[in-house]
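What follows is a single structure, written as structure tokens, with notes after it.
The values are calculated or read from the model by the stated rules, or taken from the named source; none is laboratory data. Computed from a predicted structure; not experimentally measured. Please note: Cβ atoms are built from the backbone with ideal geometry, for glycine as well, and neighbour counts cover all protein chains shown.
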Amino acid sequence: MKTVVLVKQVPDTAQLSPTVDGLKLSAPGGLRIVNPWDEHAIEAAIQLKEVHGGSTTALCVGSLEASEALKTALAMGVDEAVRLSDPALDNPDSLTTARILAAAVRKIGAVDLILAGRSSIDANHAATAVQTAALLDLPHVSYIAALNVTPNTRSFTATRLLEQGRETVTCRLPAAISVVKELNEPRYPTFIGIRKAAGAVIPEWSLADLDVDPTSVGDSSTRLIESNLNIPSASKAELEIIEGSPEEAARLLVDRLVDEGVV
Amino acid sequence: MSRADVFVWIDHRGGTADPIAWEALGVGRRLAADLGGRVRAVVIGMDIANLAQQAICRGADDVLAANDPSLKDFRLEPYAALLTRLINGEAPAVFVTGASSAGLELSAYVAARLDLGLAADCTSIRVENGSLIAERPVLIGNLLSTVTFGDTTPRMISLRRRAFPSADEDPARKGEIIPVSVTLSEDDIATKVESFEPSGGGASLTGAKTVVSGGRGVGGPEGFEPIRALADALGAAVGASRAAVDAGWIPYSHQVGQTGKTVQPDLYIACGISGAIQHLAGMKTARVIVAINQNRDAPIFQHARFGIVGNLFEIVPTIEQEVRKRLTP
């Protein structure tokens with residue numbers, strides 16, 4: 001089994017506080033973590049390697065600081081990590097990112113399964129993994145909460161966690177998947193893993209290395225333009241603390257909720 | 001063929017519309033009116049004649065209807081192949097879908113195939129001087145991103161659940177239902193659906209009008225009993241904080257927040273939930289938030305409309321009784 005896991009580095013939302021808002025956190029120099037959903041994809045890739053053998057490579061599109069996310073993946077147990085970066089890339093959108101990831105998957109070659117988290121906690125498009133699959137002409141199976149790969153039949157069975165229930169599907173390999181938290185519990189890196197990762201030199205592939213024409217990825221603005229990024233205005237109602245015995249409080253609360261038209 | 005037409009994909013399961021489809025159709029009607037085009041529903045499935053008729057009653061000018069056994073369940077490959085072909089043939093200006101699990105991936109896949117701009121999970125969309133302007137929450141709702149589109153058409157848009165009103169229904173509306181053929185044969189499709197197990201009991205969390213949630217303060221799996229009882233009295237869905245899910249007290253499918261579900265109910269009752277930023281990410285846009293917590297300093301109170309400081313095991317069952325008393329005729 002040869003797998004690739006797509007990793008994104010995102011702002012550490014745990015740092016949000018009354019003094020650190022979203023804009024401050026997103027600015028250069030803000031603390032970064034591995035996108036929480038992606039940790040489950042990394043864990044799944046490592047487990048597949050442990051059960052079926054083979055190798056797994058983590059890919060991340062991003063500037064030098066994104067190496068830290070790849071080092072986390074290495075410390076957890078992926079075999080290789082490659083950072084995809086180029087001066088021609090300026091804040092790439094999901095489709096541009098997918099183009100670069102797809103090119104890297106082609107360069108690695110003979111990949112059986114691409115794994116990713118269901119979405120990123122920052123950009124929230126839930127698109128990059130799906131679009132990488134689309135560009136590689138691979139099937140994509142999303143919201144995976146249980147996974148059973150059978151390499152000898154070149155297929156897998158997965159349980160998908162959907163709004164109205166759980167769907168079980170089978171799919172042939174090669175394929176791409178995105179996963180949800182229920183799939184597994186990401187392992188903590190071991191001490192040896194952390195030491196190994198700290199010393200690792202993470203290769204960087206440029207657009208030229210990937211044989212990608214810079215004009216095909218250079219201008220995301222032909223598709224979607226972010227004209228503004230704001231802290232949402234808080235149209236927050238004033239808090240009313242309801243006092244009294246449980247019976248009194250319950251009666252008053254239900255009165256209020258009926259007045260608000262929500263009960 | 002008008003270049004100002006709006007396509008709306010109608011999400012459904014087994015011919016029953018997901019309510020988010022009618023929210024998308026409502027937005028589609030508004031955009032089509034503003035752009036001077038038609039709103040055209042795209043209905044893909046098996047035995048979907050009723051659903052196609054409902055789309056007309058909800059305001060679609062016509063329906064492109066693909067009816068085939070291979071389309072019975074949503075599968076990305078055949079649905080995306082069909083939609084890609086329809087978009088190429090009919091050249092709409094805008095494509096709208098709900099940001100359901102299926103809508104998100106369908107719009108992303110098609111956008112990649114056709115090199116289109118995509119704004120996912122939008123909470124606001126308007127036409128200004130002929131251009132579309134959308135707003136979407138990013139960084140788990142801590143920032144609001146305003147986006148416009150480049151030159152590619154159609155503009156691809158998915159809409160956050162319950163962020164827009166549902167299209168009204170008028171059985172007198174008339175419109176043509178245009179059959180369209182399938183694109184892929186079953187042999188071309190890598191994914192097979194083996195089974196579907198509907199969530200047992202309780203309302204669906206993401207689409208719920210009312211959510212009652214429990215957190216660390218419920219203390220254990222049995223602590224969710226009063227939460228469930230109140231949810232049952234209100235016809236509400238049961239949610240949970242990450243702390244309660246990670247402790248194994250309730251399945252992950254109930255988790256609300258950064259690595260769980262995002263909900264936008266009319267009423268959210270948070271019981272024993274402190275209100276970590278990751279939890280707030282999933283629920284803070286609820287219309288009315290009620291916080292029940294022993295700790296008056298818990299951050300959840302800063303986001304609540306109503307608060308009760310006290311022991312949830314005394315308060316929640318009392319609220320349940322009060323609700324049952326009022327709702328019993």
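Brief remarks follow.
- Identity of the residue in segment A:183-238, hydrophobic (A, V, I, L, M, F, W, C) and exposed (fewer than 12 other Cβ atoms within 10 Å of the Cβ), that ends up nearest to A:K71 (Cα to Cα): A:A198
- Residue match in segment B:104-113 (condition: aromatic (F, W, Y), more than 11 Å from chain A (Cβ to nearest Cβ), within 21 Å of the chain's Cα centre (by Cα) and buried (at least 20 other Cβ atoms within 10 Å of the Cβ)): no
- Inside segment B:190-228, residues that are more than 21 Å from B:Q264 (Cα to Cα) and not in a loop (DSSP other than H, G, I, E, B) make up a count of 17.
- First in segment A:61-76 and free of Cβ contacts under 8 Å to residues at least 40 places away in the same chain and surrounded by fewer than 20 Cβ atoms within 10 Å (Cβ to Cβ), second anywhere and assigned to a loop (DSSP other than H, G, I, E, B) and small (G, A, S), Cβ under 9 Å, 6 or more apart: A:S63/A:S85; A:L64/A:S85
- Enumeration of residues in segment A:196-252 that are in contact with a Gly (Cβ under 8 Å, 6 or more places away or on another chain), part of a loop (DSSP other than H, G, I, E, B) and under 30 Å from B:L280 (Cα atoms): A:I231, A:P232, A:L239, A:I242
- Consider segment A:135-161 and keep the residues that are in contact (Cβ under 8 Å) with a residue 24 or more places away in the chain, facing another protein chain (nearest Cβ under 8 Å) and farther than 26 Å from A:K107 by Cα. The one that is farthest from the chain's Cα centre (by Cα) is A:A145.
- Among the residues making up segment B:128-155, those that are at the interface with chain A (Cβ under 9 Å from one of its Cβ atoms), among the β-branched types (V, I, T) and either farther than 28 Å from B:K284 by Cβ or surrounded by fewer than 20 Cβ atoms within 10 Å (Cβ to Cβ) (or both) are B:I133, B:T146, B:T148, B:T152.
- Restricting attention to segment A:106-125, the residues being of a type in the set (G, A, S) and without any contact (Cβ under 8 Å) to a residue 12 or more places away in the chain number 1.
- Candidate set: segment A:110-132, residues that are among the small types (G, A, S) and under 23 Å from B:T259 (Cα atoms); chosen: the one surrounded by the fewest Cβ atoms within 10 Å (Cβ to Cβ): A:A123
- Of B:S166, B:S158, all but one fail to be facing chain A (nearest Cβ under 10 Å), of a type outside the set (D, E) and within 21 Å of the chain's Cα centre (by Cα); the exception is B:S158.
- Total residues in segment B:115-125, condition touching a residue at least 40 places away in the same chain (Cβ under 8 Å) and more than 7 Å from chain A (Cβ to nearest Cβ): 3
- Unmet criterion (only one of (1) of a type in the set (D, E, K, R); (2) within 8 Å of chain B (Cβ to nearest Cβ); (3) farther than 30 Å from A:E39 by Cα) for A:D259: (2)
- Put simply, of A:Q47, A:Q9 the only residue that is touching a Gly at 6+ places or on another chain (Cβ under 6 Å), under 21 Å from A:S178 (Cα atoms) and of a type outside the set (D, E) is A:Q9.
- Residue count, segment A:3-27 (criterion: over 17 Å from B:V138 (Cα atoms) and out of contact with any Leu (no Cβ under 8 Å at 6 or more places or on another chain)): 2
- Which numbered condition B:D187 fails, given (1) in a loop (DSSP other than H, G, I, E, B); (2) modelled with pLDDT under 95; (3) of a type outside the set (K, R): (1)
- Among the residues of segment B:271-317, the one identified as hydroxyl-bearing (S, T, Y) and either modelled with pLDDT under 95 or buried (at least 23 other Cβ atoms within 10 Å of the Cβ) (or both) is B:T285.
- Checked against (1) out of contact with any strand residue (DSSP E or B) (no Cβ under 6 Å at 6 or more places or on another chain); (2) within 12 Å of chain A (Cβ to nearest Cβ); (3) small (G, A, S); (4) closer than 29 Å to A:T168 by Cα, B:S241 passes all but a single condition, namely (2).
- When A:A158, A:A126, A:A146 are checked against the criterion of being within 27 Å of B:S204 (Cβ to Cβ), part of a loop (DSSP other than H, G, I, E, B) and of a type in the set (G, A, S), A:A126 stands alone in meeting it.
- Members of segment B:246-257 found to be within 12 Å of another protein chain (Cβ to nearest Cβ), closer than 24 Å to B:V138 by Cβ and surrounded by 23 or more Cβ atoms within 10 Å (Cβ to Cβ), listed by number: B:Q255, B:G257
- The lone exception for B:G260 - which of (1) in contact (Cβ under 8 Å) with a residue 60 or more places away in the chain; (2) at the interface with another protein chain (Cβ under 9 Å from one of its Cβ atoms); (3) not basic (K, R) it fails: (1)
- Odd one out for A:A103, checked against (1) among the aliphatic types (A, V, I, L, M); (2) surrounded by fewer than 24 Cβ atoms within 10 Å (Cβ to Cβ); (3) free of Cβ contacts under 8 Å to residues at least 60 places away in the same chain: (3)
- Hey, A:A98 part of a helix (DSSP H, G or I) and within 13 Å of the chain's Cα centre (by Cα) or not: yes
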